[in-house]
1. What number, rounded to the nearest 500 deg cm²/dmol, is the helix-based mean residue ellipticity at 222 nm of the chain, given -39500 (n - 2.57) per DSSP H run of at least four residues and division by all its residues?
2. R0 = 30 Å: FRET efficiency of R88 with R4, Cβ-based, nearest 0.05?
3. Based on the Cα atoms of segment 87-156, what semi-axes does the equivalent ellipsoid have, where each is the square root of 5 times one gyration tensor eigenvalue, given in whole Å with the largest first?
4. As a test of reading the structure, rank R127, R4, R151 by solvent-accessible area (1.4 Å probe, protein chains only), most first.
5. If you wrap segment 36-156's Cα atoms in a convex hull and average its projection over all directions, what's the area in nm²?
6. Please work out the average accessible area per residue across the chain, using the 1.4 Å probe convention, and give it in Å².
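The values are calculated or read from the model by the stated rules, or taken from the named source; none is laboratory data. All figures in this text were calculated on a predicted structure; none of them were measured in a lab. Every residue, glycine among them, receives a Cβ derived from its backbone with ideal geometry; neighbour counts consider all protein chains shown. To get the accessible areas, we keep the full protein, side chains included, count just its heavy atoms, and leave off ligands, DNA and RNA. Shrake-Rupley method; radii C 1.70, N 1.55, O 1.52, S 1.80 Å.
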Amino acid sequence: MLTRPLLKQDYDHIVQVIDRWWGGPTSALAHPIFFYELGQLARVVEHENTLVGFLFGFVSHPTKVDPSSDEPRVGYVHLVGIHPDFRRRGVGKVLYHAFEEDCRTLGCASLKAITTPGNEASAAFHRAMGWNSTVIEDYAGPGRTRLVFERSLASR
Ligand SMILES: CC(C)(COP(=O)(O)OP(=O)(O)OC[C@H]1O[C@@H](n2cnc3c(N)ncnc32)[C@H](O)[C@@H]1OP(=O)(O)O)[C@@H](O)C(=O)NCCC(=O)NCCS
């Protein structure tokens, strides 16, 4: 499995397959901002010239509103998707390990991601990757509970 940075041609492909890969309307989550403005750490995995997985993620920088803030950087995974025929083959693991390494290099103190409470595959995957999860009510607005995943990068 080879992982490499996201190219425009990959992004174009992803927006066409994402609804099928996720089993429902999801393309709004693949907003072009995650390629053009926040795409530097975005990655894909290829297998025999087929794109089989992608990760859209970025580093959230400390707020500049308070110049004295020492809020640490966080590597945020916005969206990860694996081709349905290539799940449970370590594609997600390859993407997460590469993203984690990038985030360490950029001085992040932790990683973060969220999903909806019913996404059992995502919960199991993040657990297997060593992430903690917390259910937070109203996280995404009134009545919109989310499962919030975090992983500390300290002293590893
Ligand atoms: C969740 C998802 C990203 C996992 O990707 P993947 O490439 O299949 O995961 P991996 O093969 O790297 O799995 C690593 C480990 O995670 C765990 N895991 C992954 N998927 C799992 C599942 N469906 N059920 C239980 N455990 C799972 C396992 O422990 C697995 O190791 P194993 O296969 O040796 O037992 C993938 O299923 C997916 O794209 N789902 C649809 C989109 C989605 O839900 N994205 C996440 C939203 S935040």
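1. On the way: 4 runs with 43 residues, N = 156.
Calculated at 222 nm, the ellipticity per residue is -8500 deg cm²/dmol.
2. On the way: r = 22 Å, r/R0 = 0.73.
The formula returns an efficiency of 0.85 here.
3. Working: eigenvalues 103, 53, 17 Å².
Semi-axes (√(5λ), whole Å): 23, 16, 9.
4. Values: R127 155, R4 60, R151 30 Å².
Highest to lowest solvent-accessible surface, that is R127, R4, R151.
5. Values: hull surface 37.1 nm².
It is 9.3 nm².
6. Values: 9070 Å² over 156 residues.
Per residue, the chain has 58 Å² of solvent-accessible surface.
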